[in-house]
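Engineer: Got a structure here, written out as structure tokens. Questions coming.
The values are calculated or read from the model by the stated rules, or taken from the named source; none is laboratory data. From a predicted model like this one, the values you see are computed outputs, not experimental measurements. Neighbour counts run over all protein chains shown; Cβ positions are idealised from the backbone, glycine included.
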């Protein structure tokens, strides 16, 4: 018991000491961490101010819901099935790689529907829309949470290369090998569509939370480009990247249309067709990367050329606030909820809190 109390006290003291403080008085505090194989035994944070936001995780054949406080809320074993989870962790579609059915369930255990299908499901942020892609990636069906055809019903194209789901809303986007793209609202209705110049392959799509802005990443041997679409005004702007990307890269777009992208050895912050800021970073390796934001603060994660995961924080004026290399992680993905940072690496989970100047 004595050692347990000592561990608890030291953990509380550790969480009260910031690991970093910027000149602008922004502080980062470690809250908790765990290796992925020990999710059942996470020692949560004593910080009562952390949000109760649920984070969905998949490890081996198990689906976990944990809170940002480090509490395990639910564990579901899905045996040999595959699943697609909504971003809020409330719904998931279950299917088999060579199976004949797809079904939608919630994490309480309710089954919404089960259909005969060999398609691959993609569940939107709150489970309102489910996209079903066939085996040769030439058709995507659109269904609602009740299993009924929704919006455009289905979209056809020459090999779907991108299915993008907004993290904050149920907006979505589809991109194809021949450069065609379709942008949809939270009812599955097409609100914008087009084709990239020279029918260049679509490599990525980013969606603002309010659905007013989309960024299409496309390219060919001539180079890679970004097309910012202002859907509300039916206008678009084009910007060329410095590098050709073999796979998709991290892009994030705000509700005001400003956007950021990782361009191998730099992060660029853009408005319309102009680069506003350039931040030099260690050379990125192709693979998993992400960019999130809170107000004027961005959070980027990527793997560098040496195979180590990087995480950095910067402002939209180009000021670097924080940079950390996780040498034991081959990749890391960041999720931001209010003033809390959740990082999921290849081996470990990390949670940090942010103390802003106006939070005092």
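Engineer: Filter the range 34-56 down to residues that are surrounded by fewer than 18 Cβ atoms within 10 Å (Cβ to Cβ), within 17 Å of residue 346 (Cβ to Cβ) and touching a residue at least 60 places away in the same chain (Cβ under 8 Å), then give me how many there are.
Structural biologist: Total meeting the criteria: 3.
Engineer: Among the candidates 249, 238, which residue alone is touching a strand residue (DSSP E or B) at 6+ places or on another chain (Cβ under 8 Å) and buried (at least 20 other Cβ atoms within 10 Å of the Cβ)?
Structural biologist: Unique residue meeting the criteria: 249.
Engineer: Which one is farthest from residue 42 (Cα to Cα) among residues in the range 340-356 that are modelled with pLDDT under 90 and surrounded by fewer than 18 Cβ atoms within 10 Å (Cβ to Cβ)?
Structural biologist: Only one residue tops the list, namely 356.
Engineer: Restricting to the range 57-71, name every residue that is touching a strand residue (DSSP E or B) at 6+ places or on another chain (Cβ under 9 Å) and within 16 Å of residue 350 (Cβ to Cβ).
Structural biologist: Matches in the range 57-71: 57, 64, 66, 67, 68, 69, 70.
Engineer: Among 117, 180, 124, which is the only one that is modelled with pLDDT of 95 or more and closer than 16 Å to residue 94 by Cα?
Structural biologist: Of the residues listed, the single one that is modelled with pLDDT of 95 or more and closer than 16 Å to residue 94 by Cα is 124.
Engineer: Name the residues in the range 270-286 that are part of a strand (DSSP E or B) and within 19 Å of residue 299 (Cβ to Cβ), would you?
Structural biologist: Correct list: 270, 276, 277, 278, 279, 280, 284.
Engineer: For residues that are crowded, with 17+ Cβ neighbours inside 10 Å and either at pLDDT below 95 or over 10 Å from residue 151 (Cβ atoms) (or both), tally how many sit in the range 183-196.
Structural biologist: Number satisfying all stated conditions: 3.
Engineer: Identify, please: which residue in the range 57-82 is surrounded by 14 or more Cβ atoms within 10 Å (Cβ to Cβ) and not in a strand (DSSP E or B) and is, among those, nearest to the chain's Cα centre (by Cα)?
Structural biologist: Going through the qualifying residues, I end up with 68.
Engineer: Another question, if that's okay. Which condition breaks for residue 87 when tested against (1) part of a strand (DSSP E or B); (2) surrounded by 18 or more Cβ atoms within 10 Å (Cβ to Cβ)?
Structural biologist: (1)
Engineer: If you go through the range 107-123 one residue at a time, how many are farther than 21 Å from residue 149 by Cβ and either free of Cβ contacts under 8 Å to residues at least 12 places away in the same chain or assigned to a strand (DSSP E or B) (or both)?
Structural biologist: Qualifying residue count, the range 107-123: 3.
Engineer: Next up: Please state which one of 305, 300 is touching a strand residue (DSSP E or B) at 6+ places or on another chain (Cβ under 9 Å) and at pLDDT 95 or above.
Structural biologist: Within the list 305, 300, the selection yields 300.
Engineer: Sort through 173, 204, 219 and tell me the only one that's in contact with a strand residue (DSSP E or B) (Cβ under 8 Å, 6 or more places away or on another chain), assigned to a strand (DSSP E or B), without any contact (Cβ under 8 Å) to a residue 40 or more places away in the chain and crowded, with 20+ Cβ neighbours inside 10 Å.
Structural biologist: Testing whether each residue is in contact with a strand residue (DSSP E or B) (Cβ under 8 Å, 6 or more places away or on another chain), assigned to a strand (DSSP E or B), without any contact (Cβ under 8 Å) to a residue 40 or more places away in the chain and crowded, with 20+ Cβ neighbours inside 10 Å leaves just 219.
Engineer: For the subset of the range 124-138 comprising residues that are outside any loop (DSSP other than H, G, I, E, B) and without any contact (Cβ under 8 Å) to a residue 40 or more places away in the chain, which member is surrounded by the most Cβ atoms within 10 Å (Cβ to Cβ)?
Structural biologist: Only one residue fits best here, namely 130.
Engineer: Among what's in the range 139-149 and is more than 18 Å from residue 87 (Cβ to Cβ) and in contact (Cβ under 8 Å) with a residue 24 or more places away in the chain, pick the residue that is surrounded by the fewest Cβ atoms within 10 Å (Cβ to Cβ).
Structural biologist: Restricting to residues being more than 18 Å from residue 87 (Cβ to Cβ) and in contact (Cβ under 8 Å) with a residue 24 or more places away in the chain, the top hit is 146.
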